[in-house]
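See below for the structure under consideration.
The values are calculated or read from the model by the stated rules, or taken from the named source; none is laboratory data. Because the structure is a prediction, the values reported are computed rather than measured. All Cβ positions, even for glycine, are placed from backbone atoms using ideal geometry, and neighbour counts span all protein chains on display. To get the accessible areas, we keep the full protein, side chains included, count just its heavy atoms, and leave off ligands, DNA and RNA. Shrake-Rupley method; radii C 1.70, N 1.55, O 1.52, S 1.80 Å.
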Amino acid sequence: MKLMELAGHVPGETRLVGADVEISSVEIDSRQVGPGALFFCIPGSQMDGHDFAPGAVERGAAALVVERVLPLNVPQLLVESAREALAYIAAAFYGNPARGMRLIGITGTKGKTTVSYLVKSILDAAGIKTGLIGTVSTYIGDEQFPSRLSTPDPIEFHSILRRMADANVKIVVMEVTAHALAQHRVDGLTYEVAAFTNFSQDHLDYFGTMERYLDAKLLLARQAKKMIVNVDDDHLSQALQSGRFACPVKTVGIRERADIYAKNIEIDERGCNFLLCFHKRFRIPVQLRVPGIFNVYNSLVAAALCNAVGVDQDAIRRGLEATRAIPGRIELLNTGTPYHVILDYAHSPDALENVLKAVRQTARARVIALFGCGGDRDREKRPMMGEIGGRLADFVILTSDNPRSEDPYEILASVEEGIKRTDCPYVVIENRREAIREALTIARENDVIVLAGKGHETYQEICGVKHPFDERIVVAELLAQIRGE
């Protein structure tokens, strides 16, 4: 495809400096550039892609997308924003695959992964071939592939959509993060329906303030034909009342009046039974196999999304009831022990509070919470999470999450500030493997151990290096050692 043909898809002013050339690939990593590639010089907070342009040219780049013309003997497409141009050019390069499929988007601080799995289960029950792009995995129909990011960069994203379109996928459900929206990764897409699950503190290391974080997530409403919004969330209710959603909205809720709501809710350690109600239309009795009141909310959102694309009530019920544990989301491990071990991705204050409340609601003995906080991320939430753990657990083991480039003991000291405000007994064991060993050693019959923070992740990032660390495997190995196997 010719460069100028690709440039024609970019909104705003563009100017070609040099000759029009044939493009054989599109790249944002100069190390991946080969002959015929179009390399995007994207400025970032730590590195500027323009600095890597000479290396890209040496590797055979046919042209560059730049925000300032560089002294290099290669055609350059000058654009206002290389990051914005990337989304449109990547889509065009792969033949705009999204245009042949219906898109469902999900944003929110929590629940995106669970809702996406619930939606796919419902669409599967309806006999609709579905694609899923999210945090844990990518699915093309029944085929599963690993994911690197909740919302991939535009090149990877549109290449996945191309594969989905070629496989005759009809509907794509995807997690849409605030980072993806702010960084223009999904620019140019139109969602038939999208959802905003909830909003609470997270990612302030990137967005700075809660208002900027909310503004980023609300960008999704500009690309959606209609939105599903959890009206029980105070932030979302206020945003709705102030007219900040840029498209028609249907509401879900339990406490407040809503278009789609749940009644007669019963929760136990096996799951949730409730009556799913579509106002003045129909009611569906649901026996959900995943526990926690927040999963009732997730089910409401999923049902509303699927109803918006024409799925009938029977498929909604069957899809919800067919769902078992979501990887890393209140995932009960098969340990063969008299106590329970639960894996959960909770790494924000609100998420940790939700999972501990859910476990506390059905626990028959002690709740032992093991968690930490990630390095190079929002520092404000660390003492908050310590206080939440101390308030809701019977015993806390503070340990490392992904310390990244930070001193893990400094991170733990910040978390410890919060737990000291409570009367909860606790220990600090920086080494996460040894911390898990301690939890497994001290647990008694009917206790519930909650391993929070890692969830589906299979690594631990320390000093910029990702070390293999799958807590399912770690727990199995430690139990074998404890039993002397």
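Translational D (Stokes-Einstein, µm²/s) of region 108-151 at 4 °C and 1.567 mPa s when Rh comes from the Kirkwood sum over C-alpha pairs?
Result for D is 121 µm²/s.
Report the FRET efficiency, 1/(1 + (r/R0)^6), for F145 and D423, where r is their Cβ-Cβ distance and R0 is 51 Å, rounded to 0.05.
0.65
Just to be sure I understand the model, the point goes 7 Å from the Cα along the line to the Cβ. What's the resulting R483 to E58 distance in nm?
In this crude label model, R483 to E58 measures out at 5.6 nm.
Please report the accessible area of D268 (heavy atoms, 1.4 Å probe, ligands and nucleic acids excluded) in Å², nearest 10.
That residue has around 50 Å² of solvent-accessible surface.
Could you tell me the center-to-center distance, by alpha carbons, between region 352-366 and region 204-249 in angstrom?
29
Would you please name the trypsin sites (Lys or Arg not before Pro) within region 369-456 that are DSSP coil residues with at most 15 other C-beta atoms within 10 Å of their C-beta?
R379, K420, R421, R444
Using the alpha-carbon centroid of each, what span in Å lies between region 400-421 and region 126-147?
Their Cα centres are 36 Å away from one another.
Pop out the ³J(HN,Hα) list for region 35-51 in order, Karplus 6.51 cos²θ - 1.76 cosθ + 1.60 with θ = phi - 60°, rounded to Hz; leave Gly and Pro as x.
Residue by residue, region 35-51 yields x, x, 7, 9, 9, 9, 8, 9, x, x, 6, 10, 9, 10, x, 4, 5 Hz.
Roughly what angle does helix 313-322 make with the longest principal axis of the chain, taking Cα atoms, 0 to 90 degrees, to the nearest 10?
The angle comes out near 70 degrees.
Which trypsin sites (Lys or Arg not before Pro) from region 1-64 combine a DSSP loop assignment with at most 10 other Cβ atoms within 10 Å?
none
How far apart, in nm, are the 7 Å Cα→Cβ label points at M4 and D470?
Here the modelled spin labels are 5.2 nm apart.
Ignoring ligands, DNA and RNA, what percent of the 1.4 Å accessible area of the chain is carbon and sulfur?
The nonpolar share, carbon plus sulfur, comes to 47 percent.
Under a no-solvent Debye model with one identical scatterer per Cα of region 34-98, what's log10 I(q)/I(0) at q = 0.11, 0.18, 0.19, 0.23 Å⁻¹?
-0.24, -0.64, -0.70, -0.98
Excluding ligands, DNA and RNA, what is the solvent-accessible area per residue of region 345-485 at a probe of 1.4 Å, expressed in Å²?
43
Kindly express, to the nearest 10 degrees and within the range 0 to 90, the angle between helix 82-93's C-alpha long axis and the longest C-alpha principal axis of the chain.
That helix lies at roughly 80 degrees to the long axis.
Which peptide among 253-262, 149-158, 133-142 comes first, and what is the full order, when sorted by highest mean count of other Cβ atoms within 10 Å?
149-158, 133-142, 253-262
Step through the residues of region 323-338 one at a time and calculate ³J(HN,Hα) from phi using the Karplus curve (6.51 cos²θ - 1.76 cosθ + 1.60, θ = phi - 60°), rounding each to whole Hz and writing x for Gly and Pro.
These are the phi-based 3J(HN,Hα) values: 6, 9, 4, 8, x, x, 10, 6, 8, 7, 7, 8, 9, x, 10, x Hz.
Based on the alpha carbon coordinates of region 319-382, what radius of gyration and maximum Cα-Cα distance (Dmax) apply, in Å?
Cα-based Rg and Dmax for region 319-382 come out at 13.7, 39 Å.
So how tilted is helix 154-166 from the main axis of the chain? Cα-based, degrees 0 to 90, rounded to 10.
Tilt of helix 154-166: around 90 degrees.
Provide the FRET efficiency to the nearest 0.05 for the T362-N264 pair, computing r from the beta carbons and using R0 = 30 Å.
Computed FRET efficiency for T362 and N264: 0.95.
If you split all Cα-Cα distances of region 387-471 into 10 Å bins from zero, what percentages do you get per bin, shortest first?
16, 48, 31, 4
Greater than 27 Å separation of Cα atoms is the criterion. Which listed pairs, K110/K357; K217/K466; K381/K454; K170/K263; K110/K263, meet it?
K217/K466; K170/K263
Based solely on C-alpha atoms, express the radius of gyration and the Dmax of the chain in angstrom.
Looking at the chain, its Cα Rg and Dmax stand at 23.7, 74 Å.
I need the GluC sites (Glu not before Pro) found in region 66-153, filtered to DSSP loop residues with at most 13 other beta carbons within 10 Å of theirs.
Hits after loop and neighbour filter: E80.
Equivalent-ellipsoid semi-axes (√(5λ), Cα gyration tensor) for region 86-138, whole Å, largest first?
Working from the Cα gyration tensor, I get semi-axes of 23, 16, 8 Å.
Per residue, how big is the convex hull around the C-alpha atoms of region 163-289? Give it to me in cubic angstrom, could you?
165
Which of the aspartates and glutamates could a cross-linker span from K250 if the Cα-Cα distance has to be under 12 Å and same-chain partners fewer than 8 positions apart are dropped?
Those aspartates and glutamates meeting the cut-off are D259.
How big, in percent, is the set of alpha carbon pairs in region 248-322 lying more than 17 Å apart?
When all Cα pairs of region 248-322 are counted, 35 percent exceed 17 Å.
Treat each spin label as a single point 7 Å out from the Cα along the C-beta direction, and report the R289 to T209 distance in nm.
Reported label-point gap for R289 and T209 is 4.7 nm.
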